[in-house]
1. Scanning the range 347-398 for residues that are in a loop (DSSP other than H, G, I, E, B) and of a type in the set (A, V, I, L, M, F, W, C), which turns out surrounded by the fewest Cβ atoms within 10 Å (Cβ to Cβ)?
2. Show the residue pairs that are 6+ apart or on different chains and have beta-carbon atoms under 7 Å apart, the first residue being within the range 337-357 and free of Cβ contacts under 8 Å to residues at least 24 places away in the same chain, the second being part of a strand (DSSP E or B) and open to solvent by 20 Å² or more (accessible area, probe 1.4 Å).
3. Could you give me the residue pairs with C-beta distances under 6 Å whose first residue belongs to the range 395-416 and is under 21 Å from Phe358 (Cα atoms), whose second residue is modelled with pLDDT of 95 or more and assigned to a loop (DSSP other than H, G, I, E, B) wherever it lies, and which are 6+ apart or on separate chains?
4. If we keep just the residues of the range 613-630 that are under 16 Å from Glu444 (Cα atoms) and in a strand (DSSP E or B), which is farthest from the chain's Cα centre (by Cα)?
5. Restricting to the range 258-277, and then to whatever is free of Cβ contacts under 8 Å to residues at least 60 places away in the same chain and among the small types (Gly, Ala, Ser), can you tell me which residue is least open to solvent (accessible area, probe 1.4 Å)?
6. Suppose the filter is more than 26 Å from Pro480 (Cβ to Cβ) and open to solvent by less than 50 Å² (accessible area, probe 1.4 Å); does Cys585 pass it?
7. If you go through the range 324-342 one residue at a time, do you hit one that is aliphatic (A, V, I, L, M), open to solvent by 10 Å² or more (accessible area, probe 1.4 Å) and part of a strand (DSSP E or B)?
8. Can you give me the ranges of the helices (runs of 4 or more DSSP H) entirely in the range 111-198 with at least 1 residues that are in contact (Cβ under 8 Å) with a residue 40 or more places away in the chain, of a type outside the set (Asp, Glu) and open to solvent by 30 Å² or more (accessible area, probe 1.4 Å)?
Amino acid sequence: MANRRQSSPRKKHVPPLTPTPRRRLMTGSLVDSEGLAGPVARGESRVLILIRESAMNRSFPFWLCFALIACRCAFAGDVQSVSRETVRVPLRDGVMLATDIYRKPTVSRAPVLLMRTPYNKDHAKAAAERFAAAGYIAVVQDCRGRFQSEGDFVPYNSEGQDGYDAIEWLGEQSWCNGRIGMWGASYVGATQWQAAVEKPPGLAAIAPTATWSSFYRNLYLGGAVRISLITGWASGNSEKPEGASVTTDWRRTLLHLPLSEVDEQVGWPIPWLKGMLTHPRLDGYWKRVELTDEIIDIKLPMQHIVGYYDFFSRESVGNFERMHTHARDPQTRRRQQLILGPWDHGSIGRAKVGDVDFGPDAVLDRTVENLKWFDRFLKEDRETAGDVDVPVKYFSMGDNAWHDAATWPPNGFETTAFYLHSDGHAQTAGGDGKLDRSSPNQNEVSDSFRADPDDPAPACPVTASRPVMSATWGPVDQRPIEQRDDVLVYTSRPFTEPLTFAGNAKAELSVSADTPDADWVVKLVDVHPDGFAQNLAVGILRGRFRESEVRPTRLEPGQVYEITVDLGPIAAQIGTGHRLQADVCGAYFPLFDRNPNTAEGPFGKRSAVATEHVYHDPAHLSRILLPCRK
């Protein structure tokens, strides 16, 4: 990364924080849920053991309920004894960051747990009190330019060096025993990676939940940008000029061309948003927030928590795989943990996600898991803490059960192909699309659909209670979308015995289009016996990015291409009587920007309707590849 740490005189005096005008609370679609402490207070007791067994070993839900109540009663007093002091911490350029310090009066020196957040440090109070009640000193800091901190906020721009300075300052305090950890999700998780690659002295463990090491790959997938995510987040987390107002017509705003003007359509110029939207290639613009190649040099125990439906799932799981397999330090490879559940970004640790209730075993108290992690690597001797006993804990959807594994993807599964078939009429759920394990042995007529940029296929059904900007990444009934004639549907016969799979799924398609660019969206769906169509995984590929994230190339109209669509990490069981289904369409709006199909990029003003073909004959296979149990 450019602009690595430069030494500067360190101010020792830390003035108390004096009242300053509070900035308005900013919200957006990329919301860090970190301040929402889970239902359990932590303690070293049989109660914690009950929680662990109930959450991870599927014991009877009664014990989980009992444990939650017992923990809350047993440790409420400890939390109430925690005090909070607010100070200003100086950075190397003189900017002062508002910082809360939580500790029990009986704790004079202890390991420190740090959170750096752009979402208002006050919202982390409950979690910080629980960490302090467990014997840590918890520190929560407003990022540069946010709420009570000084400076200008440019997302992620200064978090590496600011994190280094904050950790260095903590190490100089008499109450810090020299061992520092970091926790938090989303943006707050990214501040951990950004600080960690700077290798600050004293940082001893991190727990980056649902976050990235490559911001480009968080924002873009297959060349398409998560448009509603970043514009909604920008509308709530950028400086709004006096008199300006946020758009009320989000559909019009997100369909606006050129894409380079969407920031102004949100309501005012947002330079950093414009920059993100006008750099769809992985070029030098992203270098400062492209850490993927650097993280393998870090020597830290790391706990990674994320859900399958989270838009960070590929990044978080990929980070674990990278550290667990490729970290240069052998001990670091053995000190990684992945907890992979059925959640989306806003529901980590909950049972109900979208339209699906995954049952009481899906409930996970993230703070408890963090505490077990930090207790092991911050309170125990670093050299004797030992390796992680269970590197991977993953939840299987359908059978709704937790499983332990030595790695991800887990062992005991093999790639199994499910082939697309039809007589050329796979449009809608009422068409003739079929999905089975037999490769085509005769010529089959290709399927086609028209992808209209002015009427893009939606990511989920738009209703009065779920308007366009409330589109969810979680599981919702896909049947209304499958009635559109621009959606191809391929469905298996009902299973006579369960199909279990776990690992990283993908689709390999043979396709063509009559335009110089087009998108292919693939959804993997579990069709329940009552007809409910539950989306399990989704992927998207923009045609001109089929070969490279760095050098996109236009499509030649009519030419058949073999493309691969990444469906991400998944673990599920398709039950008896259920059917497996693959949906293929040309958009996933507004969760991803719709493709104008002209290959003119973010400054183009034109759009064109694309006729897209999917081929499935012996010379041009199209198939879903699932890691199925052997």
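1. Among residues in the range 347-398 that are in a loop (DSSP other than H, G, I, E, B) and of a type in the set (A, V, I, L, M, F, W, C), the one surrounded by the fewest Cβ atoms within 10 Å (Cβ to Cβ) is Val390.
2. Ala351/Asp357
3. Here the result reads Phe395/Pro342; Met397/Pro342; Gly398/Gly575; Asn400/Phe358; Asn400/Gly359; Asp404/Val390, each pair linking the range 395-416 to a residue that is modelled with pLDDT of 95 or more and assigned to a loop (DSSP other than H, G, I, E, B).
4. Step one: filter the range 613-630 for residues under 16 Å from Glu444 (Cα atoms), giving 613-623.
When the remaining residues are screened for being in a strand (DSSP E or B), the result is 613-615, 617, 620, 623.
Working: His613: 31, Val614: 30, Tyr615: 32, Asp617: 36, His620: 34, Arg623: 26 Å.
Selected residue: Asp617.
5. Within the range 258-277, the subset free of Cβ contacts under 8 Å to residues at least 60 places away in the same chain is 261-271, 273-276.
Next, from what is left, pick out any that are among the small types (Gly, Ala, Ser): 267, 275.
Values: Gly267: 30, Gly275: 12 Å².
So the residue we want is Gly275.
6. Answer is no for this residue.
7. No - not one qualifying residue is present in the range 324-342.
8. It comes to 125-133, 159-171.
The values are calculated or read from the model by the stated rules, or taken from the named source; none is laboratory data. These numbers come from a predicted model, not from an experiment. Glycine also receives a Cβ, built like all others from the backbone with ideal geometry; neighbour counts cover every protein chain displayed. Ligands, DNA and RNA are stripped out before the accessible areas are found, and what is left, the full protein with its side chains, is counted by its heavy atoms. Shrake-Rupley method; radii C 1.70, N 1.55, O 1.52, S 1.80 Å.
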